[in-house]
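A.B. asks: Okay, handing you the structure first.
The values are calculated or read from the model by the stated rules, or taken from the named source; none is laboratory data. It should be emphasised that the depicted structure is a prediction, and the values quoted were computed from it without experimental measurement. We place every Cβ from the backbone using ideal geometry, glycine too, and count neighbours over all the protein chains shown.
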Amino acid sequence: MSNQKRIVVKIGSSLLAHSQQLTLRYAFMHGLLSDIARLKEQGYDVVLMSSGAVALGLNAVGKTPEDAGLLDKQAAAACGQLLLLNAYKQVAHEFGFDIAQILVTIGDMEERRRFINAKNTIERLFENGIMPIVNENDTLTTEELRVGDNDRLAAKVAQMIQADHLVLLTSVDGLYDRPPSEPDAQFIERLEDVSEYLSATEGTSVLGSGGMLTKLQAANMAQHAGCSTIIAEGIIERPLLSVLEGERRHTTCVAMGTPASAWKVWLTNRLQVAGSLILNQKAAEALCADPTPIAHTDIVSIHGNFHKGDILHVYDEQGREIARGLTNFSSEEVLVLARHPEASTAELLGYSAVPDVITTKNMVVLKENHLPWDVPTDDHQVVVTL
C-alpha cells in the first residue's frame with residue numbers, strides 16, 4: 001500500500017458544460033486544475049473523474065439532452081471526448097503537469113483481474129507525475145451494461161487506489177435533510193449513517209445521470225473502504241482548496257475506521273448485481289451469527305443467470321440482504337446441486353470440487369451500516385424456486 005496522500009475528485013457534466021450552449025465552462029476548468037496543481041505540490045496523488053463528453057458532443061450530432069437516444073449519446077461521447085481531453089491537456093500544461101485518459105466499463109470494475117490491471121495503470125501514472133482522468137466508456141456501453149453514474153464509479157476508484165478523500169463537486173452546497181427547496185430544510189455538515197437521509201435524495205440535473213442518491217451510495221462505498229467523502233458546490237474560484245481548507249460549508253461523510261482487506265472491500269462494494277441467492281431463514285440466521293460456507297442445501301431460490309467467479313448478493317427469506325460473496329459455480333450448476341442434495345459434486349457436474357457454493361474466505365457478511373440492495377424481483381431475471 002502506498003503511503004502517498006490520495007484524492008479522487010468527481011466533476012459532474014453540469015459543472016463542465018453550459019446547459020444551453022453545451023460548450024465548455026473554461027473558467028471552472030481553470031479553477032479546478034489550478035487547485036489540483038496546488039494539491040500535487042502538497043504531495044497528493046489526484047485522480048479526476050470527469051463527466052462531460054456526452055454533453056459537449058451533442059452539438060456535433062445535432063441533439064439536445066432531452067431528445068438524445070442511446071445511439072446519439074454514444075456518438076456524442078465519441079465527439080465530446082476529443083474536446084474535453086484537449087481542453088484538459090492545454091489547461092493542465094499551463095499549471096505544469098500532464099494528464100492521461102482511462103476509459104472503463106462496468107466489467108473493468110467488477111471483474112477482479114481487470115480491476116487490478118486498471119489499478120496498476122493508475123499506479124504507474126502516479127509514479128510519473130501524471131494525473132489520470134477516468135470516465136465510463138460511453139461510446140461502447142449500453143444501458144444494461146453501464147455503471148450509469150460517475151459518483152459510484154468514483155467511489156470504486158477511491159477504493160482501488162486506497163484514497164484518503166473522495167470529493168464530489170456538484171451544483172448544490174451539500175446534503176439537506178429534505179429537498180433544499182422545501183421550507184425549514186436543514187443542512188447536514190457531518191454524516192455517519194447515509195441511510196438516514198436517503199428519502200431526501202430525489203432528482204437529477206438535466207445534463208447529469210446521477211443525483212444526491214448516487215452521491216450517498218458512493219459515500220457509503222467509500223466509507224467502507226476507509227475513505228471520507230466530501231459533497232460540495234463546484235464554484236469557480238478555488239473549488240477544491242476552499243473546501244479542503246474549511247473555508248466554506250460542505251457535507252462530510254466520515255470513513256468508518258480501519259477498512260477490511262482490499263479483497264473483502266472489493267467483494268462488498270458492487271456496482272451491479274450479477275445474481276443472487278435466497279437462503280432459508282435458519283441458514284441465514286446461522287450465517288449472521290457465525291459466518292460459515294453457504295451450502296447448496298441452504299438455498300431457497302436462485303436469481304439471475306450468473307457465472308463461476310461472479311459476486312452474488314445473499315438474502316434471507318424476509319428480503320434482508322445479509323452477505324455478498326464469490327460463487328464457485330454457475331447458476332446452472334447451483335441449480336443441479338440444489339435439486340440433488342444427496343449426490344456428489346463429481347457425479348452431478350462431472351468434475352470434483354468443494355461443494356460449498358460460497359466459501360467464508362470469499363464472502364463478507366454485511367454490517368448494519370452498509371447500504372443493501374433491494375431484494376431481487378422476477379423482472380428480466382432467471383428465477384428458480386427450489
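A.B. asks: The conditions are (1) at pLDDT 90 or above; (2) outside any loop (DSSP other than H, G, I, E, B), and Gln74 fails exactly one of them. Which is it?
C.D. replies: (1)
A.B. asks: If I filter segment 176-206 down to residues being at pLDDT 75 or above and among the small types (Gly, Ala, Ser), which single residue comes out as surrounded by the fewest Cβ atoms within 10 Å (Cβ to Cβ)? Break it down into steps so the answer makes sense when it comes.
C.D. replies: Initial filter on segment 176-206 (at pLDDT 75 or above): 176-197.
With among the small types (Gly, Ala, Ser) added as a condition, the list becomes 181, 185, 195.
Details: Ser181: 8, Ala185: 13, Ser195: 13.
The extreme case among them is Ser181.
A.B. asks: Kindly provide the set of residues from segment 333-355 that are over 18 Å from Ile302 (Cβ atoms), part of a helix (DSSP H, G or I) and of a type outside the set (A, V, I, L, M, F, W, C), ordered by number.
C.D. replies: Glu347
A.B. asks: Just checking, which of Ser331, Ser352, Ser344 is touching a Phe, Trp or Tyr at 6+ places or on another chain (Cβ under 6 Å) and outside the structural domain of Leu216 (by TED's automatic domain parsing)? Spell out how you get there, then give the answer.
C.D. replies: On the way: Ser352 fails: touching a Phe, Trp or Tyr at 6+ places or on another chain (Cβ under 6 Å); Ser344 fails: touching a Phe, Trp or Tyr at 6+ places or on another chain (Cβ under 6 Å).
Of Ser331, Ser352, Ser344, the one residue that is touching a Phe, Trp or Tyr at 6+ places or on another chain (Cβ under 6 Å) and outside the structural domain of Leu216 (by TED's automatic domain parsing) is Ser331.
A.B. asks: Just one of Ile99, Ile116, Ile122 is farther than 30 Å from Gly69 by Cα, assigned to a strand (DSSP E or B) and not basic (Lys, Arg); which is it? Don't jump to the end; show me each part of the working.
C.D. replies: Values: Ile116 fails: assigned to a strand (DSSP E or B); Ile122 fails: assigned to a strand (DSSP E or B).
That would be Ile99, the only listed residue that is farther than 30 Å from Gly69 by Cα, assigned to a strand (DSSP E or B) and not basic (Lys, Arg).
A.B. asks: Next up: Which one of these is crowded, with 20+ Cβ neighbours inside 10 Å and either at pLDDT below 95 or in contact with a Lys or Arg (Cβ under 8 Å, 6 or more places away or on another chain) (or both): Ala346, Ala338, Ala353, Ala295? Talk me through it step by step, then tell me what you get.
C.D. replies: Working: Ala346 fails: crowded, with 20+ Cβ neighbours inside 10 Å; Ala353 fails: crowded, with 20+ Cβ neighbours inside 10 Å; Ala295 fails: crowded, with 20+ Cβ neighbours inside 10 Å.
When all the criteria are applied, what remains is Ala338.
A.B. asks: So Met256 fits all but one of (1) modelled with pLDDT under 85; (2) farther than 21 Å from Asn220 by Cβ; what number is the exception?
C.D. replies: That leaves (2) as the condition not met.
A.B. asks: In segment 222-258, which residues are among the aliphatic types (A, V, I, L, M) and either part of a loop (DSSP other than H, G, I, E, B) or out of contact with any strand residue (DSSP E or B) (no Cβ under 7 Å at 6 or more places or on another chain) (or both)?
C.D. replies: Ala225, Ile235, Ile236, Leu240, Leu241, Leu244, Val254, Ala255, Met256
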